[in-house]
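In what follows, a structure is listed as structure tokens, so that the remarks can point back to it.
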Amino acid sequence: MIARSPVLGEFMGTFVLLLLGNGVCAAVTLKRSKAQDAGWMVIAAGWAFAVLCGIFVAQLFGSADAYINPAFTLAFAIKGNAYGNLIPYVLAQVAGAFCGAAATWLFYLPLWGLTEAQDAKLGVFATIPAVRNYGWALFCEALASFILVLVAGAMTSKLVLTTGVAGLSPLLVSLLIWSIGLSLGATTGYAINPARDFGPRLAHALLPIAGKGSSDWAYAWVPVLGPLLGGGLAGWVLLALGA
């Protein structure tokens, strides 16, 4: 028997999130993939469905919260004034993201050597801004993450729906991710999740990926700090509203 637990749930949910999320990036990016050049709509849809699957898997393995994102973990710790799960959840999420990225590398193993562009390979794992302006990118990540947490909080708030949304929450959040990807994702690649960027970026740095280049650590702080700032602010707003 597998012992279910919230920490295991966060690990497994984030693992599935990154396997499917990095997987759609690899499918669209890598040469000789049957989905090569399928475009932004496919990437945005793939990430939305990845979130849906990650939430359900997190719940299956024991996390009723199913945050699979440190920005959510921080936001709802602030909202509930309960910080006991913050560090264990975040560590599990980063570890799950790293393993999900590593599994993506293995899944597409023969195609890395066929793809020359080093930035394209990094883009499978981590986000890269459209324009290299750190302050602007930080603002984009913070605002997108604020919208993510605020709207997700509204979806589950009894201030909005007095009877709640029951089992619809995962589907609604995945649609929210799809909306953010289409509307706010094109500037920075919408990390909106520190584990989603840091874990795979670390995997890119450590794995023997054929022909890889730099892991771009100079930018790596932006998709970590931005989502934490935006998510934390949204958590405070939800707390102030009594949501």
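The values are calculated or read from the model by the stated rules, or taken from the named source; none is laboratory data. Everything numeric in this text was worked out from a predicted model, so none of it was measured. No Cβ is skipped: glycine too gets one built from the backbone with ideal geometry, and neighbour counts run over all protein chains shown. These area figures cover heavy atoms from the full protein model, side chains too; ligands, DNA and RNA do not enter into them. Shrake-Rupley method; radii C 1.70, N 1.55, O 1.52, S 1.80 Å.
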Run the reach check for residue 212 against lysines, Cα to Cα strictly under 17 Å, same-chain hits fewer than 8 apart removed. What comes back?
31, 121
Heavy atoms only, probe 1.4 angstrom, no DNA, RNA or ligands counted: give me 2, 78, 128 ranked by accessible area, highest first.
2, 128, 78
Value of Rg to Rh for the stretch 79-187 (Rh from inverse mean 1/r over Cα pairs, i.e. Kirkwood)
1.04
Run down the lysines and flag those whose C-alpha is under 25 Å from the C-alpha of residue 79, throwing out any fewer than 8 positions away in its chain.
158
For residue 71, what charge total do you get from the other residues with a beta carbon under 12 Å from its beta carbon, if Lys and Arg give +1 and Asp and Glu give -1?
-1
Send over the per residue convex hull volume for the stretch 49-91, Cα only, as a whole number of Å³.
71 Å³
What does the charge add up to near residue 207, with Lys and Arg as +1, Asp and Glu as -1, over the other residues with Cβ less than 14 Å from its Cβ?
+3
So what is log10(I(q)/I(0)) for the stretch 1-68 at q = 0.12, 0.23, 0.28 1/Å, when the Debye sum runs over its Cα atoms only?
-0.35, -0.81, -1.02
When you have a sec, figure out the Kirkwood radius of the stretch 1-132 from all distinct Cα pair distances and drop it here in Å to one decimal?
15.5 Å
Long-range share for the stretch 119-175, i.e. C-alpha pairs more than 15 Å apart as a percent of all pairs, stands at 63 percent
Do you know the relative contact order of the stretch 133-213, to the nearest whole percent, from alpha carbon pairs under 8 angstrom that are 6+ apart?
35 percent
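State the dimensionless ratio Rg/Rh of the stretch 143-230 (Rg: radius of gyration of Cα atoms; Rh: Kirkwood radius). Please list the in-between numbers first.
Working: Rg = 16.2 Å, Rh = 14.8 Å.
My calculation puts Rg/Rh at 1.09.
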How long are the semi-axes of the equivalent ellipsoid of the chain, taking √(5λ) for every eigenvalue λ of the Cα gyration tensor, in whole Å from largest down?
29, 19, 16
Suppose accessible area is computed on protein heavy atoms with a 1.4 Å probe; arrange 32, 4, 201, 132 from highest to lowest.
32, 4, 132, 201
Solvent exposure ordering (accessible area, 1.4 Å, most first) of 1, 41
1, 41
Mind putting a number on the dipole of the chain about its Cα centre? Charges go on the C-beta only, +1 for Lys and Arg and -1 for Asp and Glu, and I need it in Debye to the nearest 20.
180 debye
Could you work out the relative contact order of the chain, using alpha carbon pairs under 8 angstrom and six or more residues apart, expressed as a whole percent?
29 percent
